[in-house]
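A.B. asks: My questions will all concern the structure given below.
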Amino acid sequence: MIRIRNNKLFDKILNSFLYSSYLCGLKNITQMKVIAQQCNVYKSENLTCDLNEILQPWTPEQIFLLCDTGSFSNCSRYIECVDKITPNHTIVIEQGDDHKNIETAMQIWNFLAQNGATRKSVLINLGGGMVCDLGGFCASTFKRGISFINIPTTVLAQVDASLGGKTGMNLGSLKNEIGVFNIAHAVLISDVFLASLDREQLLSGYAEMLKHGLIKDADYLQRLMNFDFENIDYALLCDLICESIVIKNTFVEADPHENGVRKALNVGHTIGHAIETMSMRHNSLVPHGYAVAWGMLGELWLANMVKKLDVAFVEKMEEYIFGLYGNVTFGEQCFDELLELMYHDKKNDSRGINFTLIPQVGDIAINQIGTPEDIKVVLKKMIR
């Protein structure tokens, strides 16, 4: 359900022009560090000032804010002094990937239409991957496309969902089956949200960072594996996130529409999406990053079988992944259902189930077809 939020938080905005102007000073001196220029990704040291600067071309009537219940409660205070955001243009949707669907999209489109949005409007997506994916899709399709700005508030959204132009929603239990490619007007990366995340949220995003290490950089991968989750250094984590974004951006720039080398970013996602979708079907949701981490392990074993990836390395990654993410939550009775879901994967072609495999760290082999027999072998290897 979408609802307009009307509370003291946003009431303050309407009466704080002088205070906000004081905070931001001369907007044109704000300096944002460019992380990925083609995807318009910036590291923000002062979220209020930077967002005020970015929003200069729009009037308050043209600006809409989309949050879910979690990001509204926990994150909206970080932009409460932005001059042009108003309570009557704020949309709050229910939290969770099960709401990333056509029903929620319809509510967002209806809200925009009923509240005067035009093709010159902009939608600010403040939240995790679900908000950035769905908000980007709704903006890209409303009136054939309005601008949108992503402010990702989770590690997963910062390193994955908000970068690269993929937007979309689920079709029933099928992940991201409907969507378009469209680059955000701006993506603001800030470390102010990291300390508010719980361990599960941190680890869910960290799986995508591990993937980036696997496909590009052995040194980066080792530094990720050395990171201490018992004594978190948030400044170091933010630096590692920025490195991850740079790695992903190299693949996005080389292949914007995923016709070739960008398929490297699918490592872990063929098996991972099947695990995640199966968990949604059975109302026992596995977080996206956990499913991807387990999916990476299965696909590393597949790479060992068909691309001779070093077995000692796979065993090392197995110990690390199980140590961080725990054991898989399925048994052999689930193999046929997992295979059925893999056959629905949008990366497939007429030849069968498509994988991106890693012959060695930093090397990729795209468009690899896995046989049902081999896939069942690696699924069995994943069970402890």
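A.B. asks: Take segment 44-62 and flag every residue that is in contact with a Cys (Cβ under 6 Å, 6 or more places away or on another chain) and not hydrophobic (A, V, I, L, M, F, W, C).
C.D. replies: Those that are in contact with a Cys (Cβ under 6 Å, 6 or more places away or on another chain) and not hydrophobic (A, V, I, L, M, F, W, C): T48, N52.
A.B. asks: Same structure, new question: Which numbered condition in (1) more than 27 Å from Q222 (Cα to Cα); (2) within 27 Å of the chain's Cα centre (by Cα) is the only one that V286 fails?
C.D. replies: Status for V286: all satisfied but (1).
A.B. asks: Which of the numbered conditions does I178 fail, given that it passes all the others? Conditions: (1) over 12 Å from the mean Cα position of the chain (by Cα); (2) outside any loop (DSSP other than H, G, I, E, B); (3) closer than 14 Å to V131 by Cβ.
C.D. replies: (3)
A.B. asks: So, one more: Any residue at all in segment 215-237 that's within 17 Å of the chain's Cα centre (by Cα), surrounded by fewer than 21 Cβ atoms within 10 Å (Cβ to Cβ), part of a helix (DSSP H, G or I) and of a type in the set (D, E, K, R)?
C.D. replies: Scanning segment 215-237, I find no residue that is within 17 Å of the chain's Cα centre (by Cα), surrounded by fewer than 21 Cβ atoms within 10 Å (Cβ to Cβ), part of a helix (DSSP H, G or I) and of a type in the set (D, E, K, R), so the answer is no.
A.B. asks: So the check is Cβ under 6 Å with 6+ separation or different chains; which pairs have a first residue in segment 93-117 that's assigned by TED's automatic domain parsing to the domain that holds D133 and a second one that's assigned to a loop (DSSP other than H, G, I, E, B)?
C.D. replies: Listed pairs, sorted by first residue: I93/I2; Q107/I2; F111/I2.
A.B. asks: What number of residues within segment 33-54 satisfy the criterion of being touching a Lys or Arg at 6+ places or on another chain (Cβ under 8 Å), in contact (Cβ under 8 Å) with a residue 60 or more places away in the chain and within 20 Å of L65 (Cβ to Cβ)?
C.D. replies: Total meeting the criteria: 1.
A.B. asks: In addition: Look at segment 346-374 and say how many of its residues are assigned to a loop (DSSP other than H, G, I, E, B), among the small types (G, A, S) and surrounded by 15 or more Cβ atoms within 10 Å (Cβ to Cβ).
C.D. replies: 1
A.B. asks: Same structure again: Here is a list of conditions, (1) without any contact (Cβ under 8 Å) to a residue 60 or more places away in the chain; (2) closer than 19 Å to N259 by Cα; (3) not acidic (D, E), and P372 meets all of them except one; can you say which number that is?
C.D. replies: For P372, the failing item is (2).
A.B. asks: Among the residues of segment 99-146, write down those that are outside any helix (DSSP H, G or I), small (G, A, S) and either touching a Pro at 6+ places or on another chain (Cβ under 9 Å) or surrounded by fewer than 18 Cβ atoms within 10 Å (Cβ to Cβ) (or both).
C.D. replies: Of everything in segment 99-146, those that are outside any helix (DSSP H, G or I), small (G, A, S) and either touching a Pro at 6+ places or on another chain (Cβ under 9 Å) or surrounded by fewer than 18 Cβ atoms within 10 Å (Cβ to Cβ) (or both) turn out to be G116, G127, G128, G145.
A.B. asks: Turning to a different aspect of this structure: On the given criteria, is E61 in the same structural domain as L174 (by TED's automatic domain parsing), over 23 Å from G168 (Cα atoms), surrounded by fewer than 18 Cβ atoms within 10 Å (Cβ to Cβ) and acidic (D, E)?
C.D. replies: Judged against the criteria, E61 is a match.
A.B. asks: Okay, moving on. Give me a count of the residues in segment 40-98 that are within 25 Å of H288 (Cα to Cα), among the β-branched types (V, I, T) and part of a helix (DSSP H, G or I).
C.D. replies: Result for segment 40-98: 1.
A.B. asks: Inside segment 149-179, can you point out the residues that are buried (at least 24 other Cβ atoms within 10 Å of the Cβ) and on the phi > 0 side of the Ramachandran plot?
C.D. replies: The answer is G164, and nothing else.
A.B. asks: For segment 264-285, which residues satisfy the criterion of being in a helix (DSSP H, G or I) and surrounded by fewer than 22 Cβ atoms within 10 Å (Cβ to Cβ)?
C.D. replies: Matches in segment 264-285: M278, S279, M280, R281.
A.B. asks: Hey, another quick one. Considering segment 256-273 alone, what residues qualify as being of a type in the set (A, V, I, L, M, F, W, C) and in contact with a Lys or Arg (Cβ under 9 Å, 6 or more places away or on another chain)?
C.D. replies: Residues satisfying the conditions are A264, L265, V267.
A.B. asks: Which condition from (1) at pLDDT 95 or above; (2) aliphatic (A, V, I, L, M); (3) under 20 Å from S44 (Cβ atoms) is the one that A235 breaks?
C.D. replies: It fails just one condition, (1).
The values are calculated or read from the model by the stated rules, or taken from the named source; none is laboratory data. Please read these numbers as outputs of a predicted model, since none were measured by experiment. Please note: Cβ atoms are built from the backbone with ideal geometry, for glycine as well, and neighbour counts cover all protein chains shown.
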